[in-house]
1. Using a 1.4 angstrom probe, figure out how much accessible area segment B:110-215 has per residue, in square angstrom, rounded to the nearest whole.
2. Name the trypsin sites (Lys or Arg not before Pro) in segment B:35-141 that are in a loop by DSSP and that have at most 12 other C-beta atoms within 10 Å, would you?
3. Would you list B:LEU611, B:LEU387 from the most to the least accessible area, probe 1.4 Å?
4. Ignoring ligands, DNA and RNA, how much accessible area is buried between chains B and A, both sides summed, with a 1.4 Å probe, to the nearest 100 Å²?
5. How long is the gain from B:SER95 to B:THR302 if the chain were fully straight, where each residue apart is worth 0.36 nm and the alpha carbon distance is subtracted?
6. So between B:LYS70 and B:VAL123, what do we pick up on full extension, going 0.36 nm a residue minus the alpha carbon distance?
7. From Cα pairs below 8 angstrom and at least 6 apart in sequence, can you work out the relative contact order of segment B:269-348, rounded to a whole percent?
8. Tell me, what is the FRET efficiency for A:PHE43 and B:ARG564 to the nearest 0.05, using R0 = 60 angstrom and their Cβ-Cβ distance as r?
Amino acid sequence: MEVIFVLIPVSLAIILMALWSFIWSVRNDQFEDLDKEAYRILFDDKDQDSEEVKQEQS
Amino acid sequence: MSQVIPLSDYKASRGQAIASGLAHEPDQEGPDQARRLAFEDSIYAHGKTTRLSVRVPDIRCAACSLKIEKQLSAMPDVERVATNLSDKRVVVDFSRGSGFGFIDAIEKLGFTVLPDRLNLAQVALEQERKSMLARLGVAGIGMMQVMMYALTGYLAGDSGIEPAYEALMRWASLGVATLVAFYSATPFHLGALRDLRNRNLGMDVPVSLAILAAWTLSMIHTLTQSGEVYFDSVCMFTFLLLIGRFIELGSREKYQHSQNLNDSLLPTSAQLTSGEYIAIRSIPVGAELQVPAGQRIPADGTIISGDSSVDEAAFTGESVPLRKRAGMQVLAGSVNLDQPLVIRADKVWDDYVITRISDLFRESSLYKPAFSVLADRIARYFVAIILLMASASAGYWYLQGDAAWFSIALSVLVVSCPCALSLATPVAYTVAIAALRNAGVVVSNGAFLERLNDTNAVVFDKTGTLTTGKLTVSGVKILDSAFGEQDVLEIASVLEQGYAHPIARALTTHSGRICSDRHMEPGAGVSGEVDGVVFRLGKADFVCGIAETAPDKNGIWIMLGYHRPVAWIQFADQVRPESGTVLNTLRKAGYRLSMLTGDGAHEGRRIAADLGLDDVTAGVTPDQKVQQLINRQASGDRVLMVGDGINDAAAMGVAQASVAVSPVDVFVQQAADATLLTDNLQTLNTLLVFSRKVNRVIRQNIGWAVAYNMTVIPLAITGQIVPWVAALGMSASSLLVVANANRLYKVAD
């Protein structure tokens, strides 16, 4: 069980990384408009769509 | 657009004007100079790139914003495109070019583009939102991790875990909780400091005190390897409270009072008679300006030439436009409806009537009666009591010679942690605001619901509030007995079919008749062949060549005829069908009702009589409305102002609480505490009933929280309570408060 003396500090390090990346993303406007992102998946690029359709057809 | 008769339903034209970006319509075909003037402030250097920031008011859904984003991202030299649905803003960073190409591209997609001025208040608020979100995230992540560490102890139960492991967990928790207590919880500490400096015991004081006390006690116990630690409570408490703060900030951000009335109503530039364009703020006195038909008048001035009708509803509330000829005065912000005008500016920008209304609103907000939220009033005593008890127990145990006196005092503070009390109000607000939004009411500030519940008088505006603000046919006077009323309406309707004018929209009688060879004479009327006869509908002299006077002065009369008169048709602004019921319900509930209108006394009294209102003041200007409200409040009334127009905005600022009924202007929406989106006055009743329910829930929550704390504190002082029981009770009481608030999720019972 002595490994826990290593694992807990490791968990703290991971937490610090998580916090850093979260704050980074807030500062870089990643959370500016949360409504929009939910819909992005519904608006695939049109050109890509038609190419895929063509590929499927051929 | 048909201009059968010089009039316009103000609301409709105003809405269209804003929606279609009337403010810069001339820019589209006019010289580039006007466009440059308009967007001067919207294009600026941003780091190595140039930034274009514009408002696109018709972004209504995520699909719109993604469409714009996709279109712009594909253009050359674009570094970054960001659209924001909630504040309807598009920002483009680009490396080369003027930026006007992007504006064209957005317009080509069918959207309106308005200039966006760099607004310091807006920037500050965005900064605050970002830092709040970062704090919230840190508290959330920290809470989860500390809970993980704490769980080992909880799972082990009575036997406990090995002291070495426990110490390790405590040290790790201390690290994370320190971050939460001193970074995430900073807003509470700063609020508490501000409160103390103002010699005021607000809600932030116990919150900050509880966080700091729990953290200090836990840290001491970690260092001494004794007692209990409360790091998980510190983190969870901070996280839950920050959620409430964050939501509150979000609603403030959307409805902040940063919008300037002039920006939303006035064009950005005006055209001089020489053809040059000039920025609106630098129009000198004496400048001669062209005002094309359908445009807003850019300056307060005198008409030099032209004969047109002007819609001044923004100032008077009057829905019928006024005829203006050379030598008459016009006001900036009113709409020139029929014919081009040339005006001479008489005043500088700062002295325009509309600028003064805007200033009046800003000043009027200062008159708002002082109001402290219930929780704050209670917190003041509660905090004082807690502090007294904690210091009393510290003193007692110290005199008793107990070495743990400091620890006991801290325990009292922690156990009496007013989690439930401080959650009681914000949680209820949060749920209530969400529920109201689903019911079609946008509330800009949760405290409005408490203030609303406190009102005992309601002041209504007339046009657009008690009335629909739209014209409808209110009477027909037959002049040629060969025609029946039905025939007249059918013929008139088919003549006007397809036009967007307010009169055309009022004529909705369907028939099998067909109109051919239709002609529209701007500013006079419309003609067309129906059933083999060429009919004319419009002004009397257009219809039959002679100026006949209308039967009376109520509403607007227009004539139908074929060389000779057939009938007069009367149009008027009708009382909303639900107004009577709503007023009756309010009267029964004991509210004092009155009406303030900018319209003439005659029309005002007619409508008041219809509705059974006794207290009517007609012909009031916006500043008289403010004075009326101040007088009423001085005599002890707590007034709810219900209105819809710019002329009500200043009065809304003064009133205890204010509600806007489906306003078209953003400015009015921001001036009011709440906005009814439903265009149905019945919602006002629902809102008042709901506010009573919200207050009941808040009282229950506060009652429970105070009762819980008051029972537990004596037990803690005498050392009767095991810390984990106290912690459990604390969480349970918070959960109860949250669950109780969730009952508010349905607005209508």
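The values are calculated or read from the model by the stated rules, or taken from the named source; none is laboratory data. These figures come from a predicted structure and were not determined experimentally. Neighbour counts run over all protein chains shown; Cβ positions are idealised from the backbone, glycine included. For accessibility, only protein heavy atoms count, side chains too; no ligands or nucleic acids. Shrake-Rupley method; radii C 1.70, N 1.55, O 1.52, S 1.80 Å.
1. Details: 4970 Å² over 106 residues.
On a per-residue basis, segment B:110-215 sits at 47 Å².
2. Numbers: sites: B:ARG35, B:ARG36, B:LYS48, B:ARG51, B:ARG55, B:ARG60, B:LYS67, B:LYS70, B:ARG80, B:LYS88, B:ARG89, B:ARG96, B:LYS108, B:ARG117, B:ARG129, B:LYS130, B:ARG135; in loops: B:LYS48, B:ARG60, B:LYS88, B:ARG96, B:ARG117.
Loop-located and lightly packed - B:LYS48, B:ARG60, B:ARG96.
3. On the way: B:LEU611 20, B:LEU387 70 Å².
Highest to lowest solvent-accessible surface, that is B:LEU387, B:LEU611.
4. Numbers: alone 32690 and 6030 Å², together 36250 Å².
When B and A are taken together, about 2500 Å² of accessible area is lost.
5. Numbers: separation 207, 0.36 × 207 = 74.52 nm, distance 4.60 nm.
Difference between extended and current length: 69.9 nm.
6. Values: separation 53, 0.36 × 53 = 19.08 nm, distance 2.56 nm.
Net length gain for the segment: 16.5 nm.
7. Working: 211 pairs, mean separation 32.2, N = 80.
40 percent.
8. That pair, A:PHE43 with B:ARG564, gives E of 0.50.
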